[in-house]
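One structure below.
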Amino acid sequence: MAEPLLRVEDLTVSFPSRQGQGDVVRSISFDVGAEIVALVGESGSGKSLTGRAIMGLLPPRAKTAATSLSFAGNDLTRLDAAQWRALRGSAIALILQDPKYSLNPSMRVGRQVEETLLLHTRLSARQRREKALAMLSRVGFDDPQRVHASYPRQLSGGMGQRAMIAAMLINRPSLLIADEATSALDHDLQLQILELLGSLTRELGMGLLLISHDLQQIARFADRVLVMRRGIIVDRLAAGELANAEHPHTRALWNARPSGATYGTRLPVVADGEEA
Ligand SMILES: Nc1ncnc2c1ncn2[C@@H]1O[C@H](COP(=O)(O)OP(=O)(O)OP(=O)(O)O)[C@@H](O)[C@H]1O
Ligand SMILES: [Mg+2]
């Protein structure tokens, strides 16, 4: 078999605490190829830290260990700061939960969407602008010119999130990690953005690691599903099997899937007793 895009082998993330090392991600292993892999699990199970570890963006106190963490054959554990910068935003991109922390409030949206092109390509200002406008319309803006000239505070949360997605996809990364990228959006917009991410993933032969709490959406959009609990991957299955999952924890999550009324909220922590 060909080398997968991303290979994670025995990844552990821990925070030193008074009681010694507190492992919050415990020796997990998985691959991502040109496909959509969903990482699901209750709040606090370690999904975001897994995504951040792959991006080399963990909080300063966090410690990681891995037998292997490789991207397109590159050993991610050995990159220096300059190599990380070259990789991030061009080959691997991360979309975060909250656009408030991702968009710079004092910079026009268009400039931010063009940022990776500026850093990683030799396109002219005019070519960058054309690409940015095209990408802004792809993520659903019917007035890309206006959005391009706006500051983040002039956009709603949903618009900000779409601008972020445009910024992350504009340089066509080979791997995109989307951490609850659509949670802040209303239901219709979530489906629209997921459809967009899904079609771009397939069109560009990209890998997508989709971190989500919404198993119903995952069932529709992902190829494979990894279920995390307390830092461990407890179940792996095809997305199409979610509705008939055998693992009790996966079933509990499926049954706790958000309804229209609870959209945007996190998955509750599933009590042990509820899984029986
Ligand atoms: N900076 C930190 N210092 C100490 N512990 C942390 C820190 N960040 C996260 N943790 C702990 O690590 C665990 C996993 O956190 P993580 O953010 O990966 O969860 P998650 O699965 O993404 O949850 P959610 O669905 O709520 O986003 C949590 O229990 C959390 O308490
Ligand atoms: Mg998270």
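Tilt of helix 187-204 relative to the longest C-alpha principal axis of the chain, in degrees (0 to 90, nearest 10)? Rounded to the nearest ten degrees, it is 80. Protection proxy ranking of 109-116, 74-81, by the mean of other Cβ atoms within 10 Å over each peptide's residues and highest first, is 109-116, 74-81.
Projecting the Cα atoms of 210, 29, 54 onto the charge dipole of the chain, computed from C-beta unit charges around the Cα centre, puts 54 farthest toward the positive end. Note on the chain: with charges restricted to the Cβ of Lys and Arg (+1) and Asp and Glu (-1), its dipole about the Cα centre is near 1140 debye. Between residue 177 and 93, 94, 95, 209, the built amide H atoms are under 5 Å apart, and every one of these is 5 or more places off in sequence or on another chain.
No value in this document is a laboratory result; all are computed from the given coordinates. A quick note: this is a predicted structure, and the numbers were derived from the prediction, not measured. All Cβ positions, even for glycine, are placed from backbone atoms using ideal geometry, and neighbour counts span all protein chains on display.
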